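Each remark here refers to the structure printed beneath this line.
The values are calculated or read from the model by the stated rules, or taken from the named source; none is laboratory data. The structure presented is a predicted model; accordingly, all values stated were derived computationally and were not measured. As a convention, Cβ positions derive from the backbone with ideal geometry for all residues, glycine included, and neighbour counts pool all protein chains shown.
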Amino acid sequence: MDKVAKGISVLLALEDVTVNNFVFRLHYKATVIMLLVFALVVTSKEHIGDPIECFTGKDHLEVIDKYCWIHSTYTVREEVQDVGSLSMNSLKEHPGVGMIPINSSYSIPFEEKIKRHKYYQWVSFFLLFQALLFFIPHYIWDRWEGGRLKSLVLELSHPTVDLTETASNQGSAIKVIQSIIQYWEHHLHYHDGYGFVYAICEFLNLVNAISQFYFLNFMVGGDLHAYIESIFKSSEENIQNVVERIFPKVAKCQFEYFGHSGSKVIVDALCVLPLNILNEKIFAILWLWFIAVSILSGFAVLYRVMCYFNYKLRLFLILSQTRSISECRVREVVRNMHYGDWFILYLMAKNMNHLALEKLLLLLSENFAPRQPTVRA
């Protein structure tokens, strides 16, 4: 888990140049960090001790703990539970640990009378897998982008830049701006793939965020939606019943072995699952977080579509990054650019000093302005 902690520190580091937006960073930074922290917490014995503790009423056998951790525990379904085997208080506190009545219908298989809980040993791995899924779109975009924007505008991202033009000032910001102008002269209309891949990665973010609801629900056996619904609609007692059905703190386990005489011995163990105290909270937080991220990602995809089809919106977004340059100058630049060109220009605008940006736009507008025909005498 040291590598996990190191990964969190890398994600927390500030980036020199921003090549995405706030919603994109919610996926590969905020969500990934949250999932990694949860993975660290559920694997820490300092907070919860042993993840499972089983007892049989006799001597404690460590092998039963290991067996029940590996092979899962179970709770008895409420409709077949012998309520007479427990006091009402015990039944309320630990539903699902009552006895299956001896005279219950033999036509019902044992597995249909119980609910098995197999997820708890996989929670940490599942959280790490989720973190990987949220990081993949960023990885794709990062590899495709290849540091292009950083190489162009890093020297112009400082709060103060020197825009004076002198013969000896070859290393100044104006020199960098001139190199960017040359870049545009050679690469204009060659950025369609740049904008397209970013849009695809945003769409992948949305698909991934929505799919996480199904992954979470599948992980706990398909009842998580009932748990979340009960939080908002049910009484406290009903919420507790739903929680105990999905994340039981006490469950049962059968350990079978052959005794000294060769006969089969069945040990009926009662197991405490302290890890579920954390799991119930983690899964609820993630469910609500994924709702928020999915909604924001949906708006991000809609915003991307609007940017592609709406020239006036693209013009407005570039103007919003400037202070004193005239609108007609910016309009001349945006009008001559494809969407991909505009997209990389907008990323430049968000990372550049506003004075350097206005100088760049001024020079670009002069380059794009229609040439007046020369009149010969």
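For this structure, a couple of remarks:
- Filtered residues of segment 11-25 (kept if in contact (Cβ under 8 Å) with a residue 12 or more places away in the chain and in a helix (DSSP H, G or I)): Leu11, Leu12, Val23, Phe24
- Arg116 meets each of the listed conditions (1) loosely packed, with under 15 Cβ neighbours inside 10 Å; (2) modelled with pLDDT of 65 or more; (3) assigned to a loop (DSSP other than H, G, I, E, B) apart from (3).
- Options Ser320, Ser324, Ser294; residue that is in contact (Cβ under 8 Å) with a residue 40 or more places away in the chain and surrounded by fewer than 21 Cβ atoms within 10 Å (Cβ to Cβ): Ser294
- Within segment 249-266, the residues that satisfy the criterion of being buried (at least 18 other Cβ atoms within 10 Å of the Cβ) and aliphatic (A, V, I, L, M) are Val250, Ala251.
- Set Ala349, Ala300, Ala356: member being aliphatic (A, V, I, L, M), touching an Asp or Glu at 6+ places or on another chain (Cβ under 6 Å) and outside any loop (DSSP other than H, G, I, E, B): Ala300
- Of all residues assigned to segment 229-248, at least one qualifies as being hydrophobic (A, V, I, L, M, F, W, C), surrounded by fewer than 12 Cβ atoms within 10 Å (Cβ to Cβ), assigned to a helix (DSSP H, G or I) and at pLDDT below 80.
- First in segment 220-233 and acidic (Asp, Glu), second anywhere and surrounded by 14 or more Cβ atoms within 10 Å (Cβ to Cβ), Cβ under 8 Å, 6 or more apart: Asp223/Asn217; Asp223/Val242; Asp223/Arg245; Asp223/Ile246
- Among the residues of segment 1-22, those identified as at pLDDT 90 or above and crowded, with 19+ Cβ neighbours inside 10 Å are Val19, Asn20.
- Scope segment 263-284; condition touching a residue at least 12 places away in the same chain (Cβ under 8 Å) and in a helix (DSSP H, G or I); matching residues: Leu275, Asn276, Ile277, Leu278, Asn279, Glu280, Ile282, Phe283, Ala284
- Hits in segment 141-173 (condition: at pLDDT 65 or above and either among the aromatic types (Phe, Trp, Tyr) or assigned to a loop (DSSP other than H, G, I, E, B) (or both)): Trp141, Trp144, Gly146, Gly147, Ser157, His158, Ser172
- Residues that are surrounded by 15 or more Cβ atoms within 10 Å (Cβ to Cβ), within 26 Å of Gly57 (Cα to Cα) and in contact with an Asp or Glu (Cβ under 7 Å, 6 or more places away or on another chain) occur in segment 272-289; there is at least one.
- Filtering segment 174-220 to residues that are more than 33 Å from the chain's Cα centre (by Cα) and either in a loop (DSSP other than H, G, I, E, B) or within 21 Å of Ile136 (Cα to Cα) (or both) leaves Leu188, His189.
- Index of the failed condition, His191 passing every other in (1) over 29 Å from Met34 (Cβ atoms); (2) touching a Pro at 6+ places or on another chain (Cβ under 9 Å): (2)
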